[in-house]
Amino acid sequence: MEGVYRFLLTPRWWGINVFVVLAIPFCVFMGSWQLGRFEDRVQDHETATAQDESGRREAARPLAELLPVDKATVGDQTTVSGRYDDQLLVPERKLDGREGYYVLTLLRTDADKALPVVRGWLPGEPDPAKVPAPPTGEVTVTGALQAAESVGANGVSGRTGWPAGQTGAISAATLLNLVPYDVYDAWVTLNEGDSGMRAVPVSAPQNTGLDLKAFQNLGYTAEWFAFVGFVVFMWFRLLRREVELARDAELGLVTEDEPEPEPQRAPSGV
């Protein structure tokens with residue numbers, strides 16, 4: 001290569017060019033992957049919303065047809081018969097911006113297993129004296145099927161050591177330590193609150209909402225594509241600088257720095 005661009009053949013510029021050639025497609029790939037993750041979360045959110053709306057319109061189905069709970073069945077209407085047994089309160093649950101608690105009652109569907117049923121929501125601190133007693137005898141409940149809760153999702157507290165008669169999460173893993181029978185790894189929220197309590201809205205399945213993680217994916221997408229622009233900008237900036245130096249050298253405008261004079265030694269005896 002002739003002229004001012006001969007420097008492109010130096011080992012230093014070979015290293016720079018190889019880095020640029022590898023960095024640009026890598027950043028494009030990572031940005032596209034993060035964008036795909038964001039689009040997947042948006043699609044999951046739209047699907048969950050559509051399923052929630054369709055689930056409310058569809059006729060309730062037996063519980064056995066909807067288990068195990070997944071993204072396809074969460075929010076679907078189900079009908080279950082049994083007898084109410086143990087009752088627990090689920091504190092620190094907000095509804096319309098107000099602090100309150102769920103009233104969770106175990107519905108014994110047979111001698112060995114029970115389904116957690118959220119009969120409603122009450123405001124304030126959990127108080128068993130204010131909670132309406134569950135209906136007695138054989139009952140049939142209809143509501144939306146929900147997946148077992150995990151800490152950090154939908155307002156579930158990570159706190160431990162709840163008082164007797166309370167639980168922080170609605171899941172089989174938690175409830176099995178509180179009741180002497182097996183529990184379905186799912187729960188139901190009634191369509192209409194029992195005994196004057198407010199009905200608990202259906203929760204979106206985990207990892208399907210436009211939450212912080214979704215917008216983090218979008219932010220990472222912007223960062224990766226911005227880095228592509230930064231790499232290209234820096235390459236052209238370095239190229240321009242090298243060309244200018246090469247042209248100055250050809251015109252004789254670049255002179256070697258004169259060596260600094262050695263420091264004067266003091267005369268001996270001083």
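The values are calculated or read from the model by the stated rules, or taken from the named source; none is laboratory data. The shown structure was predicted, so the numbers you read here are calculated from the model rather than taken from an experiment. Backbone-built Cβ (ideal geometry, glycine too); neighbour counts: all protein chains shown.
Checking the conditions here, which among Pro134, Pro116 is assigned to a strand (DSSP E or B) and either surrounded by 12 or more Cβ atoms within 10 Å (Cβ to Cβ) or in contact with a strand residue (DSSP E or B) (Cβ under 8 Å, 6 or more places away or on another chain) (or both)?
On the way: Pro134 fails: assigned to a strand (DSSP E or B).
Every option except Pro116 fails the conditions.
From the list Gly100, Gly161, Gly120, Gly152, which one is over 30 Å from Ala59 (Cβ atoms), among the small types (Gly, Ala, Ser) and at pLDDT 90 or above? Full working, then the answer.
Values: Gly161 fails: at pLDDT 90 or above; Gly120 fails: over 30 Å from Ala59 (Cβ atoms); Gly152 fails: at pLDDT 90 or above.
Only one candidate qualifies: Gly100.
Given the conditions (1) in contact with a strand residue (DSSP E or B) (Cβ under 8 Å, 6 or more places away or on another chain); (2) part of a loop (DSSP other than H, G, I, E, B); (3) among the aliphatic types (A, V, I, L, M), report the number of the one that Ala144 does not fulfil.
Here Ala144 meets the rest and fails (2).
Which numbered condition trips up Trp33, out of (1) out of contact with any Ser or Thr (no Cβ under 9 Å at 6 or more places or on another chain); (2) surrounded by 11 or more Cβ atoms within 10 Å (Cβ to Cβ)?
The single condition Trp33 does not satisfy is (1).
Look at Thr208 and say whether it is polar (S, T, N, Q) and at pLDDT 85 or above.
Numbers: polar (S, T, N, Q): yes; at pLDDT 85 or above: no.
It is false that Thr208 is polar (S, T, N, Q) and at pLDDT 85 or above.
Looking for whichever is over 30 Å from Gln43 (Cβ atoms), surrounded by fewer than 16 Cβ atoms within 10 Å (Cβ to Cβ) and within 29 Å of the chain's Cα centre (by Cα) here; the options are Pro128, Pro123. Which one fits? Give the derivation first.
Numbers: Pro128 fails: within 29 Å of the chain's Cα centre (by Cα).
One residue alone meets the criteria, Pro123.
Hey, can you tell me all the residues within region 67-91 that are touching a Pro at 6+ places or on another chain (Cβ under 9 Å) and over 21 Å from Thr140 (Cα atoms)?
Selection gives Asp70, Lys71, Leu89, Val90, Pro91.
Could you check, for region 53-62, whether at least one of its residues is among the hydrophobic types (A, V, I, L, M, F, W, C) and modelled with pLDDT of 90 or more? Break it down stepwise before answering.
Filtering region 53-62 down to residues among the hydrophobic types (A, V, I, L, M, F, W, C) leaves 59-60.
Subset that is modelled with pLDDT of 90 or more: none.
There is no residue in region 53-62 that is among the hydrophobic types (A, V, I, L, M, F, W, C) and modelled with pLDDT of 90 or more.
So, in region 94-113, exactly how many residues are loosely packed, with under 15 Cβ neighbours inside 10 Å and part of a loop (DSSP other than H, G, I, E, B)?
So the count comes out to 5.
Look at region 113-152 and say how many of its residues are touching an Asp or Glu at 6+ places or on another chain (Cβ under 6 Å) and not aliphatic (A, V, I, L, M).
Qualifying residue count for the region: 3.
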